[in-house]
Amino acid sequence: MRFTPVGRRVHGEARLNITPMIDIVFLMLVFFIATTTFVDPESSLSPLIRTADSESARSFLEPQIVHVDVVDGQPTYRVGELVLHDQASLRYAIAPLPKQPGIFMHVTDRVSIDFAVAGVQAARDAGFEKVTYVPAE
């Protein structure tokens, strides 16, 4: 853009080239589109916390815990008050539980590793994607 000294008269109108500004705006637009992360709206989140009964809501939010220990010289799986002695009965017992929070296998050092791994496999077979092995202290 050319400016004339004061006192001289210009016989045309001044022009401003906005092409570089348009280029910068489009580059910024592409940058913001490329770096945006899209999240699900809150209305599409799991409705499990909307239950009226607070006891049932708490059970859906807490992960399931399976205690693997030796009771009376026999390895057992304990889910709440239910005591199980084999992989098939464990798989059957945990199949109706909610899968989203996951499941924890709390294993003591008195149990053989093959019995503990069988419990982890039973949880996978029951449909749990999040299976966590937790050794006892």
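The values are calculated or read from the model by the stated rules, or taken from the named source; none is laboratory data. Computed from a predicted structure; not experimentally measured. Please note: Cβ atoms are built from the backbone with ideal geometry, for glycine as well, and neighbour counts cover all protein chains shown.
The table for this structure:
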item: So Ile24, is it assigned to a helix (DSSP H, G or I), at pLDDT 90 or above and loosely packed, with under 14 Cβ neighbours inside 10 Å; result: yes
item: Answer residue from segment 75-85, given it is without any contact (Cβ under 8 Å) to a residue 24 or more places away in the chain and not polar (S, T, N, Q) and is surrounded by the most Cβ atoms within 10 Å (Cβ to Cβ) among those; result: Leu84
item: Candidate set from segment 86-137 (those that are hydrophobic (A, V, I, L, M, F, W, C) and surrounded by fewer than 14 Cβ atoms within 10 Å (Cβ to Cβ)); member that is farthest from Asp72 (Cα to Cα); result: Val134
item: Some residue of segment 40-54 being over 23 Å from the mean Cα position of the chain (by Cα), farther than 22 Å from Glu129 by Cβ and modelled with pLDDT of 90 or more; result: no
item: Inter-residue pairs, beta-carbon under 6 Å, first among the β-branched types (Val, Ile, Thr) and in segment 95-113, second assigned to a loop (DSSP other than H, G, I, E, B), 6+ apart; result: Ile103/Phe128; Thr108/Ala136
item: Elements of type strands (runs of 3 or more DSSP E) in segment 72-137, at least 3 residues being over 25 Å from the mean Cα position of the chain (by Cα); result: 74-79, 82-84
